[in-house]
1. Could you list all residues from segment 1-34 that are among the hydrophobic types (A, V, I, L, M, F, W, C) and farther than 25 Å from residue 63 by Cα?
2. Residue pairs, Cβ under 9 Å, 6 or more apart or interchain, first in segment 52-69 and within 14 Å of residue 30 (Cβ to Cβ) and touching a residue at least 24 places away in the same chain (Cβ under 8 Å), second assigned to a loop (DSSP other than H, G, I, E, B) and of a type in the set (A, V, I, L, M). List them.
3. Give segment 34-82 a look and list any residue that's among the basic types (Lys, Arg) and at pLDDT below 95, or say none.
4. If residue 31 meets every condition in (1) in contact with a strand residue (DSSP E or B) (Cβ under 8 Å, 6 or more places away or on another chain); (2) at pLDDT below 95 apart from one, which number is that one?
5. How many residues does segment 26-48 contain that are on the phi < 0 side of the Ramachandran plot and either touching a residue at least 24 places away in the same chain (Cβ under 8 Å) or among the small types (Gly, Ala, Ser) (or both)?
6. Working only within segment 63-72, note down all residues that are surrounded by fewer than 15 Cβ atoms within 10 Å (Cβ to Cβ) and farther than 18 Å from residue 16 by Cβ.
7. Any idea which residue in segment 25-62 is nearest to residue 1 (Cα to Cα), counting only those that are charged (D, E, K, R) and over 11 Å from the mean Cα position of the chain (by Cα)?
8. Could you grab me the full set of residues in segment 1-37 that are basic (Lys, Arg) and within 12 Å of residue 78 (Cα to Cα)?
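The values are calculated or read from the model by the stated rules, or taken from the named source; none is laboratory data. Bear in mind that the values here come from a model prediction, so they are computed numbers and not experimental data. Here the Cβ is made from the backbone with ideal geometry for all residues, glycine too, and neighbour counts use every protein chain on show.
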Amino acid sequence: MDKATIRKKSLAYLLAPHVWPSWPRCPVIRRDPSGVIAEIGVVLAMQPHVLLCNIFDAKLEGAEAIKYECFSELVNDGWEVD
């Protein structure tokens with residue numbers, strides 16, 4: 001799948017929380033230029049922020065966060081739904 005399609009699908013998924021199987025958590029990844037997963041994170045409860053942690057972390061408080069203004073900005077920064 002090409003990057004544009006991945007971005008489009010990821011954005012649509014992030015904007016439809018009713019389909020998130022792990023609501024209120026949605027796992028996301030960011031790949032390096034070679035396509036290898038470089039970072040993992042979690043979007044929590046419809047906020048355009050990525051918490052840099054594993055979705056299975058019981059405690060999300062204290063996780064480093066990257067904050068975005070909107071989901072399209074998050075996706076354009078290379079994050080995709082995992």
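1. 1, 4, 6, 12
2. That search, which allows pairs on different chains as well, returns 66/52.
3. Within segment 34-82, just 59 meets the criteria.
4. Only one criterion is unmet by residue 31, namely (2).
5. 12
6. 64, 67, 69
7. Step by step, filter segment 25-62, then rank; the result is 31.
8. Passing the criteria: 3, 7, 8, 30, 31.
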